[in-house]
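Single-structure report; data block below.
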Amino acid sequence: MKVLAIASAKGGVGKTTVTANLATALSHAGQPVLVADLDPQNALRLHFGLDPQAIDGLSRATLAGSSWRANCERSDRGVAVMSYGVLNEDDRTLFEEHLATHPDWLREHLENLGMVRHAIVLIDTPPGPSVYLRQALATADMALLVTLPDAASYATLPMMESLVDSYTEGRGDYQGHLHLINQADATRQLSADVAQVMRGLFGERFVGSVHRDQSVAEALAYDQSVFDYAQDSQAAADLMEIAKTVLARLCAGVQAP
Ligand SMILES: Nc1ncnc2c1ncn2[C@@H]1O[C@H](COP(=O)(O)OP(=O)(O)OP(=O)(O)O)[C@@H](O)[C@H]1O
Ligand SMILES: [Mg+2]
């Protein structure tokens, strides 16, 4: 089992979109994939066409002491989906206290699922520091940091890298982080410049850019993956290529830049 946490300093950069589409691409390539939503927004399930009214998920299962297996849904894209679920404010506080006091919570639940050795687990997280990101990074083999190609997002990278370093401190088995640009714009020089700088800075840890593409948002509105909705789109091509690169990095590890 290889575990990848998807993270960013800023909100709205496309973490959930990237998580869902990478999972679908990997599944299309024949890889067993589980996605786990560690974000109280509970939005990841929507990318898999699952019932938007359902309230079950890993948060409620944890508070109820029930197994994840009973709450794991299989999407028609072949991806196993562990949703966050829906909690009221008091229960969310209780759940977050549980996570803060049980640092091995995620690791234990993933191990108890008994997935095949070559399974890939993608974990979606809320933006910035949180008990959720801390849990994800206590377990992940690698993190994928998502950045927009603009000055404000780029400026958050040092903060994000030091946050990830602090959450993974002392873990000899953490393989480091990968970088991805989302919403690249081929018509803007700044977008190309940021990609070039990141490629230079991070070497093979920079896994590429996903272009800004209407098909990404439209696919979600039509309950489809971007590969089904617009298989010839730029974003579908980008995501398919990046899925292959991420898989290779995750399975092989990468050298320090
Ligand atoms: N490559 C893309 N092209 C066009 N639109 C995109 C692309 N990636 C994401 N979006 C759109 O950007 C918005 C934010 O995406 P998303 O919800 O995945 O971000 P997020 O980082 O998970 O947000 P949050 O921090 O709130 O969890 C959505 O409307 C999504 O459809
Ligand atoms: Mg999100």
Exercise. Somewhere in segment 67-74, is a residue hydroxyl-bearing (Ser, Thr, Tyr), away from ligand 2 (no atom under 16 Å from the Cβ) and part of a loop (DSSP other than H, G, I, E, B)?
Worked result: yes
Problem set entry | Pair list, Cβ < 6 Å and 6+ apart or interchain, from segment 204-216 residues that are under 13 Å from Ala248 (Cα atoms) to residues that are within 16 Å of ligand 2 (Cβ to nearest atom) | Val207/Leu180
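One line per residue, one yes/no per condition, for (1) within 16 Å of ligand 2 (Cβ to nearest atom); (2) at pLDDT 95 or above; (3) within 26 Å of Val3 (Cα to Cα); (4) surrounded by 15 or more Cβ atoms within 10 Å (Cβ to Cβ):
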{"position": "Gly208", "(1), (2), (3), (4)": "no, yes, yes, yes"}
{"position": "Ser215", "(1), (2), (3), (4)": "no, yes, no, yes"}
{"position": "Gln234", "(1), (2), (3), (4)": "no, yes, no, yes"}
{"position": "Ile242", "(1), (2), (3), (4)": "no, yes, yes, yes"}
{"position": "Cys251", "(1), (2), (3), (4)": "no, no, yes, no"}
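When you scan segment 133-146, do you find a residue that is surrounded by fewer than 21 Cβ atoms within 10 Å (Cβ to Cβ), touching a strand residue (DSSP E or B) at 6+ places or on another chain (Cβ under 6 Å) and free of Cβ contacts under 8 Å to residues at least 60 places away in the same chain, even just one?
Among the residues of segment 133-146, not one is surrounded by fewer than 21 Cβ atoms within 10 Å (Cβ to Cβ), touching a strand residue (DSSP E or B) at 6+ places or on another chain (Cβ under 6 Å) and free of Cβ contacts under 8 Å to residues at least 60 places away in the same chain, which makes the answer no.
How about segment 83-112: which of its residues are in contact with a strand residue (DSSP E or B) (Cβ under 7 Å, 6 or more places away or on another chain) and more than 12 Å from Tyr132 (Cα to Cα)?
Narrowing segment 83-112 to residues in contact with a strand residue (DSSP E or B) (Cβ under 7 Å, 6 or more places away or on another chain): 83-84, 110.
Within segment 83-112, Ser83, Leu110 meet the criteria.
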Exercise. Ala25 is checked against (1) more than 10 Å from ligand 2 (Cβ to nearest atom); (2) assigned to a strand (DSSP E or B); (3) crowded, with 24+ Cβ neighbours inside 10 Å and fails just one. What number does that condition carry?
Worked result: (2)
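Kindly indicate the residue of segment 88-107 that is exposed (fewer than 11 other Cβ atoms within 10 Å of the Cβ) and in a helix (DSSP H, G or I) and also nearest to ligand 2 (Cβ to nearest atom) among those meeting that condition.
At the first step, the residues of segment 88-107 found to be exposed (fewer than 11 other Cβ atoms within 10 Å of the Cβ) are 88-90, 101.
Now narrow it down to the ones that are in a helix (DSSP H, G or I): 89-90, 101.
Details: Glu89: 20, Asp90: 23, Thr101: 25 Å.
Restricting to residues being exposed (fewer than 11 other Cβ atoms within 10 Å of the Cβ) and in a helix (DSSP H, G or I), the top hit is Glu89.
Is it the case that some residue within segment 212-233 is among the basic types (Lys, Arg) and part of a loop (DSSP other than H, G, I, E, B)? Can you show your working first?
Let us first name the residues in segment 212-233 that are among the basic types (Lys, Arg), namely 212.
With the extra rule that they be part of a loop (DSSP other than H, G, I, E, B), the set shrinks to 212.
Checking segment 212-233: at least one residue is among the basic types (Lys, Arg) and part of a loop (DSSP other than H, G, I, E, B).
For the condition free of Cβ contacts under 8 Å to residues at least 60 places away in the same chain, away from ligand 1 (no atom under 16 Å from the Cβ) and within 19 Å of Asp223 (Cβ to Cβ), what is the one hit in Ser66, Ser75? Please lay out each step first, then the result.
On the way: Ser66 fails: within 19 Å of Asp223 (Cβ to Cβ).
Only one candidate passes the filter, namely Ser75.
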Problem set entry | Hey, Ala155 within 28 Å of Val216 (Cα to Cα), more than 16 Å from ligand 1 (Cβ to nearest atom) and surrounded by fewer than 17 Cβ atoms within 10 Å (Cβ to Cβ) or not | yes
For this session: Mind listing just one residue for me: the one in segment 28-41 that is touching a residue at least 60 places away in the same chain (Cβ under 8 Å) and more than 11 Å from ligand 2 (Cβ to nearest atom) and, of those, nearest to Trp105 (Cα to Cα)?
Result: Ala36
Problem set entry | Matching residues, segment 5-22, being buried (at least 24 other Cβ atoms within 10 Å of the Cβ) and more than 9 Å from ligand 1 (Cβ to nearest atom) | Ala5, Ala7, Leu22
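The values are calculated or read from the model by the stated rules, or taken from the named source; none is laboratory data. It should be emphasised that the depicted structure is a prediction, and the values quoted were computed from it without experimental measurement. All Cβ positions, glycine included, derive from the backbone under ideal geometry; neighbour counts span all protein chains shown.
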